[in-house]
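> Quick one: the structure is below, questions incoming.
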Amino acid sequence: MEYVIGAVLVAIAILLIIAYFNRNKVYKEIDELDEKKQELTERPVADELSKVKALNLTGQTEELFDRWRHTWDDVLLEDIVQADGYLLEAERRADWFKFKKARASNEAAARKLEEAEKKIDLILSELGELIGSEENNRVEREELKEKQRIAKKRLLAHRHTFGKAAAVLEEQLESLSEGFQTFEDLTKEGNYLEAREVILKLKESVILILRKMELIPLLMAETTNLLPSQLNEIESGYKEMKHQGYLLDHLQLEKEIASLRKQLNVYKDFIVKTEIDEVEAGIRDVKENIDFFYELLEKEVEAKHFLVTNHTQTRDLIEEARVTNEELQEETEHVRQTYELTEEEWSVPKQLEEDIYRLGQRYDILETRISEQKTAYSFLHDELKEIQIQLQELQKEQASFSSFLKTLRKDEIEAREKINELRKKVTDIFRVVDKSNIPGVPDFYEVLTEETVDRIKEAQQSLKETPLNIKSVQEKLKEAIASVDGLERKTAEVVEQAELAERMIQYGNRYKRSHPAITEKLQQAERAFRNYDYRSALEEAATAIHKVDPKGLKQLEKMMNKKEQ
């Protein structure tokens, strides 16, 4: 029984602890909502509404003021009061441990406070817009009035620079006054937001008028003086060049200049109407055309100078190329008697001869057109330039082929010199073998020596063939060089093995009496040495010495290295 009572008391204690924590949690939520309610009631709505009273409470402002005041009253008398009621209810329910209902009351209070907050935010936002509009309107109105005054003063002082557009600009400046009057009327009526829209439109108008006043004098100067003067200059230069014999009909400049003059007259009418956007784009187009016309005329002048300077010289170069090619053909025939050439190689001068002939024909036609004076210099310039480019390519081919022919003789001489070097090198290799005092050379070495001598003879024989095939000579020479290099490496290897084997056998003989077991190995090494198999002799002697004196091999190696040094 005592245990049961104890368990019940523990359970009750646990429930009381849980209830305590839940109630505290609800109380905390109530406190937070109460703080938010207090913060909302302290928002500066009343202060901001009092600022509106300083404005003209008529028209739009009066309507807005009444709406804001009623909304604020609704917030205080309905939303806040209802939220406060929900909070009191939540507190009572929490006292009686009705936590679920208490949380529902808190949630209802939170929703009411959120609605109130949205209403307050909207009121303050609209109030700020109205009051800000009124303040900005007054400042910007004064700025715009000052800009209008300065613009009128400038227009009066520099009227001549605006031409007929001055009257239109004057009307546009005067029309601003109507906007200012509308602004004043709306402000007096308390329609500050509508007045703000009027100010913004006035601002756009003033910016546009000032931009026009900035650009119109420049555009007038360009359309009235600068660009017509440049067109006259181009037209005068065009006529003068035609008088000097230039063929310029293909440019159709007179037609183009007349068209540009019409465009400029149209742009003048636009300027008078102060419609400058299209004029700016049009003038850029006119300027680009004028620059293009200058370039065309300048190109004709440069083309004529180029023709005068180069056409005779080009004829001489073609003739020079023809003479050079005849010499190449003679040299090619001479070389063919000595050297073997492929059809592709020996036919190069013939192909070049055909190219020179066609180039000469093109030049003759060009020279006729120059003398007839019926073709624009720019066209003749392009044709002559193309002939020059082809002639330069042809000359490069001639130089390349001539170098090729000279290289054949050079390659032959180098091949003969290289063969002599190889023969001398082989003699030096034989001398190294003789001086080494080795008893003889292995069979493979004799075979290698014969092959090397044969390779040199084959390369030498290829130089005696008629006609001489340089590619074949170079292939044979390459084989001979590789063979001599191989012989040189093998010679050094055989001599070194022979010397080392001899020393090892001598070194191992000292162990014959003390270590009879290695005698057989040393005898095998000696037999291999006498048979010129120095590699086997070296291996047998090294194996025998290693069995009785491993350190001896290292000492012998040190002695050999010291001797070589």
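Since every read-out is calculated from the coordinates, none of them should be taken as a lab result. What you are looking at is a predicted structure, and each value in this text was computed from that prediction instead of being measured. Virtual Cβ from ideal backbone geometry, glycine too; neighbours counted across all protein chains shown.
> Would you kindly state how much longer the chain becomes between K164 and D285 on full extension, computed as 0.36 nm times their sequence separation minus their alpha carbon distance, in nm to one decimal?
On the way: separation 121, 0.36 × 121 = 43.56 nm, distance 2.39 nm.
Between K164 and D285, full extension yields an extra 41.2 nm.
> Taking 7 Å along the Cα-to-C-beta vector as the label spot, tell me the T375-T312 distance in nanometres, rounded to one decimal.
2.0
> Which trypsin sites (Lys or Arg not before Pro) in the range 240-301 sit in a loop by DSSP (not H, G, I, E or B) and have at most 16 other Cβ atoms within 10 Å of their own Cβ?
Those satisfying the criteria are K273.
> Related question: Where the centre of each part is set by its Cα atoms, how far does the range 393-452 sit from the range 288-331, in angstrom?
That distance is 51 Å.
> Would the range 142-264 count as rounded, prolate or oblate if I go by the C-alpha gyration tensor, calling it rounded below 1.5 in a/c and otherwise prolate when a/b exceeds b/c, oblate otherwise? Could the numbers behind the result be given before it?
Working: a/c = 5.61, a/b = 3.49, b/c = 1.60.
Here the range 142-264 falls in the prolate category.
> Can you pull out the trypsin sites (Lys or Arg not before Pro) in the range 352-401 whose DSSP state is coil and whose Cβ has at most 11 other Cβ atoms within 10 Å? Please report the intermediate quantities before stating the final value.
Values: sites: R358, R362, R369, K374, K385, K396; in loops: K374.
Taking the range 352-401 and a limit of 11 other Cβ atoms within 10 Å, the loop trypsin sites (Lys or Arg not before Pro) found are K374.
> In terms of modelled amide H atoms, which long-range or inter-chain residues lie less than 5 Å from the amide H of Y339?
L468
> Which chymotrypsin sites (Phe, Trp or Tyr not before Pro) does the range 319-414 hold that lie in a coil by DSSP with at most 13 other beta carbons within 10 Å?
none
> Roughly what percent of Cα-Cα pairs across the range 412-453 reach past 13 Å?
Summing the P(r) of the range 412-453 above 13 Å gives 62 percent of all pairs.
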